[in-house]
Amino acid sequence: PATGHHARSETMFRHANAAFGSVARRGRLQAALDTGALLLLAGLAVAAVAIGLHRLGMTDSAKPLLLFAPILPALGMLLGALRPVPPLRVAQLLDRDLGSPDLLGSAWSFVQLPEATWTPFMRACVLQADRAAERADPARAFALRMPGSLPLALPLALAVGALALFNPSVAAPHAKTPSHKTQLLQEDDIAAFAQELAPLVVATTATRL
């Protein structure tokens, strides 16, 4: 908000100062929402990487990322809230809302000067701007809007949630079938087998006769 060099000029511009302050606060709130939503996308991407590392067994690398991911949107909102809103930009918004081109902008510039240097025109401009500021509507002058990156955050959050809940099944290893090695019979083995089989052959022949 604008501040003059003397108490008298402050009093003359008090309604305008109040309007400047309200619009500037709304501007910082919008900046906080925009930056927070943008870094929310970055936080979700970091979370997805952390989940992937955890699935690969790299838990030690995944933990710091999981801790860092939710900090990003909060940090973005803080940075946006601390971003100053130029007073002349606030004056332009108020002038546009009031339909008074350059009235508050000019008056704000005059108030930054010592009152002793004001001309009658400058004093009249400051008084007229202060009267006009009583009709100002900060909500209309600076309408809050949904951050542009927020619609992208919802599907990305759903994708990260699905990735976190998805548990791929690991196929059980197939039991190895014991392998049978073919063994070749030696001549001694064949002769021994024929010798043991001979009585059985004789007995079977005798029974048939």
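The values are calculated or read from the model by the stated rules, or taken from the named source; none is laboratory data. Just so we're clear, the structure is a prediction, and the values are computed from it rather than from any experiment. Virtual Cβ from ideal backbone geometry, glycine too; neighbours counted across all protein chains shown. Please note that ligands, DNA and RNA were not included when accessible areas were found on the heavy atoms of the full protein model with its side chains. Shrake-Rupley method; radii C 1.70, N 1.55, O 1.52, S 1.80 Å.
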Task: Output for the range 93-103, where each listed residue is open to solvent by less than 30 Å² (accessible area, probe 1.4 Å) and more than 15 Å from Arg123 (Cβ to Cβ) - done: Leu93, Leu94, Asp95, Leu98, Ser100
- [ ] Take the range 134-147 and flag every residue that is assigned to a loop (DSSP other than H, G, I, E, B) and farther than 13 Å from Ala91 by Cβ.
- [x] Glu134, Arg135, Asp137, Ala143, Leu144, Arg145, Met146, Pro147
TODO: Test Thr59 against the stated conditions and say whether it is over 18 Å from Asp137 (Cβ atoms), modelled with pLDDT of 90 or more, β-branched (Val, Ile, Thr) and loosely packed, with under 15 Cβ neighbours inside 10 Å.
DONE: no
Open item on the list: Exactly one condition in (1) over 20 Å from Phe142 (Cβ atoms); (2) open to solvent by 50 Å² or more (accessible area, probe 1.4 Å) is false for Ala47; which is it?
Closed with: (2)
Task: Positions within the range 75-92 being under 18 Å from the mean Cα position of the chain (by Cα) and open to solvent by less than 60 Å² (accessible area, probe 1.4 Å), in sequence order - done: Gly76, Gly80, Ala81
Task: the range 104-133 - residue that is assigned to a helix (DSSP H, G or I) and hydroxyl-bearing (Ser, Thr, Tyr) and, of those, surrounded by the fewest Cβ atoms within 10 Å (Cβ to Cβ) - done: Thr117
- [ ] Tell me which residues, restricted to the range 148-161, are more than 16 Å from Leu39 (Cβ to Cβ) and either loosely packed, with under 13 Cβ neighbours inside 10 Å or touching a residue at least 60 places away in the same chain (Cβ under 8 Å) (or both).
- [x] Pro155, Leu158, Ala159
Open item on the list: I'd like to know if the range 16-26 contains one or more residues that are over 19 Å from Pro73 (Cβ atoms), modelled with pLDDT under 95 and not in a helix (DSSP H, G or I).
Closed with: no
Task: Residues within the range 91-147 that are without any contact (Cβ under 8 Å) to a residue 60 or more places away in the chain and in contact with a Gly (Cβ under 8 Å, 6 or more places away or on another chain), tallied - done: 2
